[in-house]
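In what follows, a single structure is set out as structure tokens and then discussed.
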Amino acid sequence: MAVLLLFPAAGCGGARPGVTRPMRRGVVVTGSIQKYPIQGGTMVELGRSLSGAARAESGFVGHYSSRWRYGYRFSPVGSSGCRLTQVRVDLESIIRIPEWQRPEGVADSVAAAWQAYSDALEDHEREHERLAVNGAGDLVYALEQLRELSCDALRVEAERRGRQAGEAMQAAQARLDRETRHGATTGATWPPPRRST
């Protein structure tokens, strides 16, 4: 008997693969980077375009989203017991980043600020992805550690561990955003902070 459960695991609020390596055993990740267009030639114009686009693009708010499904099979043991086999977690990871086509005549200082911001934002969202991948691996390990139980008890315990893993991963995602102020402390904020001289 196979069991498949779905658990959403969202982080802070044109595909290019970009998933943490090496992958942990039992974890299968589909990762992509979606880009949304940004317009403007000044810091203010870019800020306005970012504010509008980040709210509703691609069906979710923010820059990172992930969902996982976990599955396993029951293997009978003796006359009344079961154990789990073929444990697997499928994780869908989506990073969204703004894409700006630099217009002619834009100041080099604006372009440099944009590049620094864009790089820092992608780095921050990749850290969310890393947490999701690690959480999926932790779930595989937790399920594989279950000992032989009655089939009903095993199903209940597997679902409990799945919920625990999801809650732990959500907490890790929230902690990252809290500690970095959603990436602001590492440069993922627009406009960039003024440097003191």
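Figures for the structure shown
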{"quantity": "Residue check, residue 139 under 20 Å from the mean Cα position of the chain (by Cα), farther than 28 Å from residue 47 by Cβ and in a helix (DSSP H, G or I)", "calculated": "yes"}
{"quantity": "Number of positions in the stretch 142-167 that are surrounded by 15 or more Cβ atoms within 10 Å (Cβ to Cβ) and within 30 Å of residue 186 (Cβ to Cβ)", "calculated": "2"}
{"quantity": "Subset of the stretch 104-149 [in contact with a strand residue (DSSP E or B) (Cβ under 6 Å, 6 or more places away or on another chain) and among the small types (Gly, Ala, Ser)]", "calculated": "132, 136, 137"}
{"quantity": "In the stretch 129-182, the residues that are within 13 Å of residue 70 (Cβ to Cβ) and touching a Phe, Trp or Tyr at 6+ places or on another chain (Cβ under 7 Å)", "calculated": "136, 139, 143, 158, 162, 166"}
{"quantity": "Condition check for residue 106: modelled with pLDDT of 95 or more, of a type in the set (A, V, I, L, M), crowded, with 17+ Cβ neighbours inside 10 Å and more than 26 Å from residue 167 (Cβ to Cβ)", "calculated": "no"}
{"quantity": "Filter result for residue 112 (small (Gly, Ala, Ser) and buried (at least 17 other Cβ atoms within 10 Å of the Cβ))", "calculated": "no"}
{"quantity": "Candidates 73, 96, 126, 130, filtered to the one that is part of a strand (DSSP E or B) and under 30 Å from residue 186 (Cα atoms)", "calculated": "96"}
{"quantity": "Residues being within 20 Å of residue 26 (Cα to Cα) and either of a type in the set (Asp, Glu) or crowded, with 18+ Cβ neighbours inside 10 Å (or both) - total across the stretch 168-178", "calculated": "1"}
{"quantity": "Qualifying positions in the stretch 179-196 - under 17 Å from the mean Cα position of the chain (by Cα) and either closer than 13 Å to residue 117 by Cβ or surrounded by 11 or more Cβ atoms within 10 Å (Cβ to Cβ) (or both)", "calculated": "180, 181, 182, 183, 188"}
{"quantity": "Filtered residue count, the stretch 55-77, keeping only those that are of a type in the set (A, V, I, L, M, F, W, C), at pLDDT below 85 and under 14 Å from the mean Cα position of the chain (by Cα)", "calculated": "2"}
{"quantity": "Some residue of the stretch 36-54 being buried (at least 16 other Cβ atoms within 10 Å of the Cβ), at pLDDT 90 or above and in a strand (DSSP E or B)", "calculated": "yes"}
{"quantity": "Residues of the stretch 121-136 that turn out to be surrounded by fewer than 19 Cβ atoms within 10 Å (Cβ to Cβ) and over 13 Å from residue 95 (Cα atoms), as a count", "calculated": "1"}
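The values are calculated or read from the model by the stated rules, or taken from the named source; none is laboratory data. Source: prediction; values computed, not measured. When we count neighbours, we look across all protein chains shown, and the Cβ atoms used for this are built from the backbone with ideal geometry, even at glycine.
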